[in-house]
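The values are calculated or read from the model by the stated rules, or taken from the named source; none is laboratory data. Keep in mind that this is a model prediction, so the values were computed, not measured. For neighbour counting, all protein chains shown are included, and Cβ atoms are generated from backbone atoms with ideal geometry for every residue, glycine included.
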């Protein structure tokens, strides 16, 4: 996932707009696969597309944080990581959620282009929860929550004192 994030932050993903800029002719439209009629840029695809980027509203709703996230790669990641009170561990765990969502949006985009798959944001949301939980279980010391707890109370699992949020 780190290569994907680096390419996203440096505008180096093979989006339709980037391919056209490099002189690569597309055998399909240069517009977003989400069907919204906008050019497929990194910021649009991952954060602003009403179809694919809409997953972020669901992610912050799942986290229980009513907020509008800023547009664009690294700024988007940092704003999500800093939404909640907590230490570096909390921010790192929130970052895992962000990276999971970004990688799954890219996968969904590629499935739509290359496999003519449809898009289901509910499925993407569930896959994001599962992928981020798996990564945290494997890589985050002391993260021993079951998937059910993760689905229902992600803030407690990442280490946010939920009582402080309600003050």
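For segment 127-146, filtering for residues that are modelled with pLDDT under 95, part of a helix (DSSP H, G or I) and farther than 14 Å from residue 97 by Cβ leaves 0.
Residue by residue, here is whether (1) more than 29 Å from residue 67 (Cα to Cα); (2) over 15 Å from the mean Cα position of the chain (by Cα); (3) assigned to a loop (DSSP other than H, G, I, E, B) holds:
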| site | (1), (2), (3) |
| --- | --- |
| 5 | no, no, no |
| 8 | no, no, no |
| 23 | yes, yes, yes |
| 33 | no, yes, yes |
| 45 | no, no, no |
| 51 | no, no, yes |
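With respect to the conditions (1) in a loop (DSSP other than H, G, I, E, B); (2) at pLDDT 95 or above; (3) closer than 21 Å to residue 48 by Cα, residue 68 lacks only one, and its number is (2).
Look at segment 82-108: where a residue is in contact (Cβ under 8 Å) with a residue 40 or more places away in the chain and at positive phi and a partner is surrounded by 16 or more Cβ atoms within 10 Å (Cβ to Cβ) and not in a helix (DSSP H, G or I), sitting 6+ places away or on another chain with Cβ atoms under 7 Å, you get 86/159; 86/160.
Could you tell me whether residue 104 is under 20 Å from residue 126 (Cβ atoms), outside any helix (DSSP H, G or I) and out of contact with any strand residue (DSSP E or B) (no Cβ under 7 Å at 6 or more places or on another chain)? Against the criterion (under 20 Å from residue 126 (Cβ atoms), outside any helix (DSSP H, G or I) and out of contact with any strand residue (DSSP E or B) (no Cβ under 7 Å at 6 or more places or on another chain)), residue 104 does not qualify.
The rows are residues; the columns are (1) closer than 22 Å to residue 13 by Cα; (2) in contact with a helix residue (DSSP H, G or I) (Cβ under 9 Å, 6 or more places away or on another chain); (3) outside any helix (DSSP H, G or I).
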site: 62; (1), (2), (3): no, yes, no
site: 84; (1), (2), (3): no, yes, yes
site: 96; (1), (2), (3): yes, yes, no
site: 118; (1), (2), (3): yes, yes, yes
site: 125; (1), (2), (3): no, yes, no
site: 148; (1), (2), (3): no, no, no
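When 15, 3 are screened for being more than 20 Å from residue 114 (Cα to Cα) and either out of contact with any helix residue (DSSP H, G or I) (no Cβ under 6 Å at 6 or more places or on another chain) or free of Cβ contacts under 8 Å to residues at least 60 places away in the same chain (or both), only 3 passes.
Please find, among 23, 37, 72, the residue that is surrounded by 16 or more Cβ atoms within 10 Å (Cβ to Cβ) and either on the phi > 0 side of the Ramachandran plot or touching a strand residue (DSSP E or B) at 6+ places or on another chain (Cβ under 9 Å) (or both).
Unique residue meeting the criteria: 72.
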